[in-house]
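The values are calculated or read from the model by the stated rules, or taken from the named source; none is laboratory data. None of these values were measured; they are calculated from a predicted model. Please note: Cβ atoms are built from the backbone with ideal geometry, for glycine as well, and neighbour counts cover all protein chains shown. Side chains included, ligands, DNA and RNA excluded: accessible areas come from the protein's heavy atoms. Shrake-Rupley method; radii C 1.70, N 1.55, O 1.52, S 1.80 Å.
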Amino acid sequence: MKVHQISAFGHQFTRLGLFNCYLVRESDSFTLIDTTMSGGARRIVDAAHRIAMEPIARLLLTHAHGDHIGSLDALAAALGSTQASELAGDPAGQAQVAIGAREARLLPKKPAQDRSLDPDEPRCPVKGGFPGADTRPTHLLSDGELYGSLRVVATPGHTPGHMSYFDERDGTLYAGDALVTVGGEVHVSGFGPWYFPLPAMATWHRPTALASARKLLELPIRRYAAGHGRIVEGGPELLQDAVRRAEGR
């Protein structure tokens, strides 16, 4: 696993060169954004332990696709175990688990998983792999709330309940799969790049994804940290360029 410090508050963890999760420093603990695919829990815990001794107090999910929740169950077990007690997130020895309230319907394993659409949502079936998890969220997030040090921003489109997280301290946008930065350029999910088609293939509704990207333009972004791709330094003008390219397709 490759570890890259992106700011005074954030580290990027990358598996297999393409799959990212992020460790965000709080005042006395860490928040982990996403978990990558299965098999990564021990590497993530070990990497966090090398960075500092503070606990991983929160497991924060952008959406429920398998390459973002794959190691959730193993991480939740490790952070609540006796062996990892020094990394436990609360007095009871359990890290919090948070996901958007809409996306939470896609987090359980079958048959509890709910792929139905709300009446006001586009009539497109959800796409991509939703393997589900046994771990239940402790917090259901809503648009605009502050969770730890991160502002919650609803960015549906890639999935119906996708959330992005903005660190107002340093201007880092943790975009999950709302955006893609493979190749070092910002792209709206579902609109490229052509040489990395997986996010587009798994995007539920492209017009909604584009509307969410326009919403993100309201933020004072200084850096982009996506689920797939390198860190891209720069302001909203980079996202504006991505929106214009998507609008032209």
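Just a yes or no: is a residue in the stretch 146-163 polar (S, T, N, Q), touching a residue at least 60 places away in the same chain (Cβ under 8 Å), surrounded by 15 or more Cβ atoms within 10 Å (Cβ to Cβ) and over 22 Å from Pro193 (Cβ atoms)?
yes
Among the residues of the stretch 218-231, which ones are free of Cβ contacts under 8 Å to residues at least 60 places away in the same chain and open to solvent by 10 Å² or more (accessible area, probe 1.4 Å)?
So in the stretch 218-231, the residues free of Cβ contacts under 8 Å to residues at least 60 places away in the same chain come out as 218, 220-222, 224, 230.
Once the filter is applied, which keeps residues that are free of Cβ contacts under 8 Å to residues at least 60 places away in the same chain and open to solvent by 10 Å² or more (accessible area, probe 1.4 Å), the stretch 218-231 yields Glu218, Pro220, Arg222, Arg230.
Suppose we filter Asp143, Asp134 for residues that are within 16 Å of the chain's Cα centre (by Cα) and either open to solvent by 10 Å² or more (accessible area, probe 1.4 Å) or among the hydrophobic types (A, V, I, L, M, F, W, C) (or both); which single one remains?
Working: Asp134 fails: within 16 Å of the chain's Cα centre (by Cα).
On inspection, the qualifying residue turns out to be Asp143.
Exactly one of (1) assigned to a helix (DSSP H, G or I); (2) more than 20 Å from Ala154 (Cα to Cα); (3) in contact with a Lys or Arg (Cβ under 8 Å, 6 or more places away or on another chain) is unmet by Gly192. Its number?
(1)
Results for (1) more than 20 Å from Tyr147 (Cα to Cα); (2) surrounded by fewer than 16 Cβ atoms within 10 Å (Cβ to Cβ); (3) of a type outside the set (Ser, Thr, Tyr), shown as yes or no for each residue.
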{"residue": "Thr181", "(1), (2), (3)": "yes, no, no"}
{"residue": "Val188", "(1), (2), (3)": "yes, no, yes"}
{"residue": "Trp194", "(1), (2), (3)": "yes, yes, yes"}
{"residue": "Trp204", "(1), (2), (3)": "yes, no, yes"}
{"residue": "Ala213", "(1), (2), (3)": "yes, no, yes"}
{"residue": "Glu237", "(1), (2), (3)": "yes, yes, yes"}
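Pick from Ala104, Ala112: which is part of a loop (DSSP other than H, G, I, E, B), surrounded by fewer than 21 Cβ atoms within 10 Å (Cβ to Cβ) and on the phi < 0 side of the Ramachandran plot? Before you say what the answer is, go through the steps one by one.
Numbers: Ala104 fails: part of a loop (DSSP other than H, G, I, E, B).
Sole residue among the options that is part of a loop (DSSP other than H, G, I, E, B), surrounded by fewer than 21 Cβ atoms within 10 Å (Cβ to Cβ) and on the phi < 0 side of the Ramachandran plot: Ala112.
So which residues in the stretch 65-78 are open to solvent by less than 30 Å² (accessible area, probe 1.4 Å) and in a helix (DSSP H, G or I)?
Gly66, His68, Ile69, Leu72, Leu75, Ala76, Ala78
What pairs can you find where one residue is in the stretch 183-201 and more than 11 Å from His228 (Cα to Cα) and free of Cβ contacts under 8 Å to residues at least 12 places away in the same chain, the other is surrounded by fewer than 20 Cβ atoms within 10 Å (Cβ to Cβ) and of a type in the set (A, V, I, L, M), and their Cβ atoms are less than 9 Å apart, with a gap of 6+ or different chains?
From the stretch 183-201, no pairs qualify.
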